[in-house]
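*Asks:* Below you'll find the structure I mean.
The values are calculated or read from the model by the stated rules, or taken from the named source; none is laboratory data. Quick caveat, the model's predicted, so the values are computed rather than measured. For neighbour counting, all protein chains shown are included, and Cβ atoms are generated from backbone atoms with ideal geometry for every residue, glycine included. Accessible surface areas use protein heavy atoms only, side chains included; no ligands, DNA or RNA. Shrake-Rupley method; radii C 1.70, N 1.55, O 1.52, S 1.80 Å.
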Amino acid sequence: MEYRIVERDGFRLAGVMARVPMQFEGENPAIAELARGITEAQRAELHRLMDTEPRRVVNASWDSDTNFQEEAGELTHLIGVPTTAYEVGEGLELVEVPASTWAVFSSDGPHPDAMQQVTARIYAEWLAEAPWELDGFRMLSFSDIRDDGTAYSEIWAPVRRKA
């Protein structure tokens, strides 16, 4: 699998967050509902706060009941932006992300299938073969969705060299 390594100083994620059911394929209705609940004022605040890479609205997931190994239980999901800010507007949460090394994987194809297939390959293939292992608990992703239902997506996974 192709990937690139990115070194990042610590930053924060600002956004809306909720516990949602784990779902490996298709659109997660709970995440879609979370996205629909973002107000115009929150959208404006998120765009104001977006000041560090990747400069996109991102999805971040962590704290899975099954350590992301089974399609069961729940996880914490955030829709938001990377920021260096220390304060956010009403209705938004701020989550610290420590300085990390990130493996960045891309996909291009039908949305969300192409991105979900890359995620599955990260766990099933890449982690077994690469000199890296997951480090930490937040994977970030974003998708630039086109009118035809395809998307360019990136998955950012915090990693460290295997011992």
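*Asks:* May I ask you to give the average projected area over all directions of the convex hull of the Cα atoms of the chain, in nm² rounded to one decimal?
*Replies:* That works out to 9.4 nm², a quarter of the Cα hull's surface.
*Asks:* Round to a whole number: what % of the accessible area of the chain belongs to carbon and sulfur, probe 1.4 Å?
*Replies:* Percent of accessible area from carbon and sulfur atoms in the chain: 48.
*Asks:* Hey, another quick one. If I take R0 = 30 Å and measure r between the Cβ atoms of Glu93 and Leu127 in this structure, what FRET efficiency does the formula 1/(1 + (r/R0)^6) give, to the nearest 0.05?
*Replies:* 0.55
*Asks:* Probe radius 1.4 Å, ligands and nucleic acids left out: which of Phe105, Phe24 has the largest accessible area, and how do the rest follow?
*Replies:* Largest accessible area first, the list is Phe24, Phe105.
*Asks:* Using θ = phi - 60° and the Karplus curve 6.51 cos²θ - 1.76 cosθ + 1.60, what whole-Hz ³J(HN,Hα) does each residue of the stretch 17-31 get, with Gly and Pro shown as x?
*Replies:* The phi angles translate into 8, 7, 7, 9, x, 5, 8, 7, 10, x, 6, 7, x, 5, 6 Hz.
*Asks:* So, one more: Cα atoms only, the stretch 8-96: Rg and Dmax in Å?
*Replies:* Here Rg and the maximum Cα pair distance are 13.3, 37 Å.
*Asks:* Here is a follow-up. Leaving ligands, DNA and RNA out of it, rank Thr83, Thr52 by accessible area with a 1.4 Å probe, largest first.
*Replies:* Descending accessible area places them as Thr52, Thr83.
*Asks:* Then there is this: On a full-extension model of 0.36 nm per residue, what is the gain between Ala44 and Glu25, subtracting their alpha-carbon distance, rounded to one decimal in nm?
*Replies:* Gain on stretching Ala44 to Glu25: 3.8 nm.
*Asks:* Set the Förster distance to 35 Å, then compute FRET efficiency between Arg36 and Ala163 from the Cβ-Cβ distance, nearest 0.05.
*Replies:* 0.20
*Asks:* Which residues in the stretch 112-150 place their backbone N less than 20 Å from a point set 7 Å from the Cα of Glu7 along the Cα-to-Cβ direction?
*Replies:* Residues 131-136 fall inside that zone.
*Asks:* With charges set only on the Cβ (+1 for Lys and Arg, -1 for Asp and Glu), what does the dipole of the chain come to about its Cα centre, in debye to the nearest 20?
*Replies:* Value, rounded to 20: 400 debye.
*Asks:* When the chain is fully extended, how far beyond the present Cα-Cα distance does Ser64 get from Gln117, taking 0.36 nm per residue of separation?
*Replies:* Length gained, Ser64 through Gln117: 17.2 nm.
*Asks:* Please return the longest range in the chain lying between exposed loop sites, taking GluC sites (Glu not before Pro), DSSP loop only, at most 15 other beta-carbon atoms within 10 Å, and leaving the sites out.
*Replies:* Of all site-free stretches, the longest is 91-163.
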